[in-house]
Amino acid sequence: MRMGRRIATTLRRTVIHAGPTVLGIIVLDFLLLQLMPGDAADVIATEAGVATAETMAAIRERFGLDQPVLTQLMNFLGHLAQFDLGYSPRYNMPVLDMIMMRLPGTLLLMVTALSLALAMGVIVGSVMAAWAGRWPDRVLSVVVLLLYSMPGFWVGLMAVVLFSVKLGWLPSDGNMTIGAELTGFGLVADRLSHLVLPALALASFFVAVYARLTRASMLEVQRQDFMRTAHGKGLHPFFIQLRHALRNALIPVTTVAGMHLGNLLGGAVVVETLFGWPGMGRLALEAVLARDFSVLLGVLLLSSFLVILANVTIDLLHAWLDPRIGEAG
Amino acid sequence: MSAPDLSNAAPPAVAALADVGNRAAPRKGRRLRAFVRNPTFVAGVAILGFFVLLALFAGVLCPGDPQDIVGAPVLWPGEDAEFPLGTDSLGRDVLGRLVYGARASLLVGISAAAIGLAIGMVVGSLAGFFGGWIDGLLTRLIELFQTTPTFLLVVVIVAIREPSLQTIALAIGLASWPTVARLVRAQFRSLRESDFVMAARSLGYSRTRIIVQEILPNALPPVIVAASVMIANAILTEAGLSFLNMRDPNVVSWGGMIGDGRDQLRTAWFLTALPGVAIAFAVLSLNLVGDGLNEILNPRSDQ
């Protein structure tokens, strides 16, 4: 009961808090769109191949590009309220449809990479904390520091050399075997084998981030009173670490995981391009190359919304992990 | 951190209290020893120094344009004594390109961090010092930029303008300031009520003077730590951008070398591996410096 109310309070507060951020992101997006060289009329004219001054003016009038900036902003907001992100003349498709086609791919890659990074980071960090100052800690610290310093896409490329080129175990391109008529287990296995290398490349940096953070917060928690109480009760050290230390150490880790979500999306741009993964990140780069800025900004806008959504989720997760959060609100 | 410029007009005793701000001076000797004794810091500085020397003396070490075709294409390292690290698919010297690449990476890294630090320090100090609605507004702005995926924002800014080193540095700086702003804001909030700031206020120092000369020097230690991490991240971002071909075509960069080498991944993987090793070591050195500085400057911090 009380947990339900706590979560409801947190939800209400974060939604009120996120509102202005959403509006700010939309305005920022609009300003960037204004800064772009050329407007939609130029793009359409280039596509058509011929354009007179009259047709250009007609196109501008049709899309409202001849209006004052403030009116254009209002139009932009009005369209967004109807989930209209504009139209891509290059692909002859609404921008939202293009992004929605790519969104599942990116989400699958990100959720896999994030889960992988969190699981490995928390395990490695806990091991480092348990043996703090002794050799397992030192060895892992060096490994973690190296992972922290290597570009994820390069880790991916080296993994391709090892697992695809030399060993031939894993595919290095796309998200499925094209032309293979697979069903059931074969289909899942095929998809999974395509997912391994991109997810590893995307996760590598974040494994290091979470491992460092878990180690630091686990060591910090050891000094708390409730840890002494748990020891005093005669609980098994393993359960003390698992139920009391780790649970509390997870709060900073999940907070940082939320803060890094934007970076994870950014990393996906490079990793998706590298592995030919059909996702939103690669769409962004294709849009840059095609100079199709409405698509590019659509991706930026939707990614920001995704980050806000994830942060709301994490706040709710905190309300569940820590009984003190949300009581006062 | 130089000795404080004690105001000519202020009564010496009160002025001295106001300048407790400069706590670094009496500790200088101890600090210096702490730096030398910290193995993490020393290792980081040594590797970083190596890269800085490479960047500065690239022209002397490897005379000739790194873009010039000088030998047979795709020579493996050790195959020809003239090209110790081999040649790429066009027959350009890999060693020379790695040396010149240090220049682009460090230049972009340092200037991007400088831009990010400047914006972050201004926004953070204003928000932390004034509080109230100014703080509310600026905190929103910080959150806004933290929500936007940094790399995507950099891609958008570079796409608006042409991909030159300046644009890339500017874009990374514009996308990376919120971390610094948050740090500086937190420092200002805790320092603005301290005794030496009160003393400075009572002397009638201007706000600008209190912000710049009194609080800022004391807010710096965590910012210095953040600066090295920012340079490291900027180098990683630049590498990613260059790999995606969003780079200055006239400048040799490590990320660009990885991008070029990718086509020969199956036959000549060393073309991809070597620049990546260079990036990893440059970033590692900056992270080591950051970790070392953190241990020295914030001994009780937990991160």
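The values are calculated or read from the model by the stated rules, or taken from the named source; none is laboratory data. Here the structure is a predicted model, which is why all the values come from computation and not from measurement. Cβ coordinates were reconstructed from backbone atoms using ideal geometry, including for glycine residues, and neighbour counts include every protein chain displayed. When the accessible area is computed, the model is the full protein with side chains, heavy atoms only, and any ligands, DNA or RNA have been set aside. Shrake-Rupley method; radii C 1.70, N 1.55, O 1.52, S 1.80 Å.
Key figures
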quantity	calculated
Euclidean distance between Cα centres, segment B:171-245 to segment A:125-189, Å	36
Euclidean distance between Cα centres, segment B:129-159 to segment A:280-320, Å	15
Unit Cα scatterers, Debye sum, segment A:214-307: log10 I(q)/I(0) for q = 0.12 Å⁻¹	-0.57
Residue among B:Asn218, B:Leu203, B:Ile231 farthest towards the positive dipole end of segment B:189-233, charges placed on Cβ	B:Leu203
Cβ-Cβ FRET estimate between A:Met227 and B:Val42, R0 fixed at 35 Å, reported to 0.05	0.50
Rounded tilt (10° steps) of A:53-62 against the dominant C-alpha axis of chain A	50
Of B:Gly136, B:Gly128, B:Gly101, the one that fluctuates the most in a GNM where chain B has Cα springs shorter than 10 Å	B:Gly136
Dipole in debye (nearest 20) - chain A, about Cα centre, beta carbon charges: Lys, Arg +1; Asp, Glu -1	1900
Residue-averaged beta-carbon neighbours from other chains (10 angstrom radius) around A:265-272	5
Value of relative contact order over chain B, rounded to a whole percent, pairs C-alpha under 8 Å and six or more apart	25
Among B:Phe188, B:Ala278, B:Val36 the positive-end extreme of the charge dipole of chain B (Cβ point charges)	B:Phe188
Which of A:Arg282, B:Arg103 is most accessible, then next, and so on - probe 1.4 Å	B:Arg103, A:Arg282
Per-residue HN-Hα couplings for segment B:93-98 [Karplus 6.51, -1.76, 1.60; θ = phi - 60°; Hz; x = Gly/Pro]	5, 5, 4, x, 5, 5
Built amide H within the under 5 Å cut-off of A:Tyr87, gap 5+	A:Val95
Over segment A:103-289, relative contact order from alpha-carbon pairs under 8 Å, at least 6 apart, %	34
Rg/Rh for the protein assembly as shown, where both radii come from Cα atoms and Rh is the Kirkwood radius	0.98
Sequence ranges A:135-144, B:220-229, B:279-288, B:246-255, ranked by mean other-Cβ count within 10 angstrom, highest first	B:279-288, B:246-255, B:220-229, A:135-144
A:Ala290 long-range amide H proximity, modeled H, under 5 Å	none
Surface/4 of the Cα convex hull for chain A, nm²	23.1
Minimum 50 Å² accessible area buried by the other protein chains, segment B:154-171 residues, probe 1.4 Å, relative to alone	B:Val156, B:Ala159, B:Ile160
Karplus-derived 3J(HN,Hα), 6.51/-1.76/1.60, for each residue of segment A:283-292, Hz, glycine and proline x	4, 4, 5, 4, 5, 4, 5, 7, 6, 9
Dimensionless Rg/Rh of segment B:113-224 - Kirkwood Rh, Rg from C-alpha atoms	1.07
Prolate/oblate/rounded call for chain B, Cα gyration tensor, a/c under 1.5 rounded	prolate
In sequence order, calculated HN-Hα J values of segment A:158-166 (Karplus, 6.51, -1.76, 1.60; Hz; x Gly/Pro)	5, 5, 5, 4, 6, 8, 9, 7, 7
Check: chain B dipole with +1 on Lys, Arg Cβ and -1 on Asp, Glu Cβ, in debye	1300
Among B:105-114, A:11-20, the order from most to least packed when residues are scored by Cβ within 10 Å on average	B:105-114, A:11-20
Cα-centred dipole magnitude for the protein assembly as shown, charges only on beta-carbon of K, R (+1) and D, E (-1), debye, nearest 20	2920
Two-decimal Rg to Rh for segment A:103-289 - Kirkwood Rh, Cα set	1.07
GNM flexibility winner over chain A from A:Val155, A:Val207, A:Val22 (Cα, springs under 10 Å)	A:Val22
Local net charge near A:Met110, Cβ-Cβ under 14 Å (Lys/Arg +1, Asp/Glu -1)	+1
Within 10 Å of each Cβ in A:212-218, the average number of Cβ atoms from other chains	1
Environment charge of B:Trp269, counting only residues whose C-beta is closer than 10 Å and scoring Lys/Arg +1, Asp/Glu -1	+3
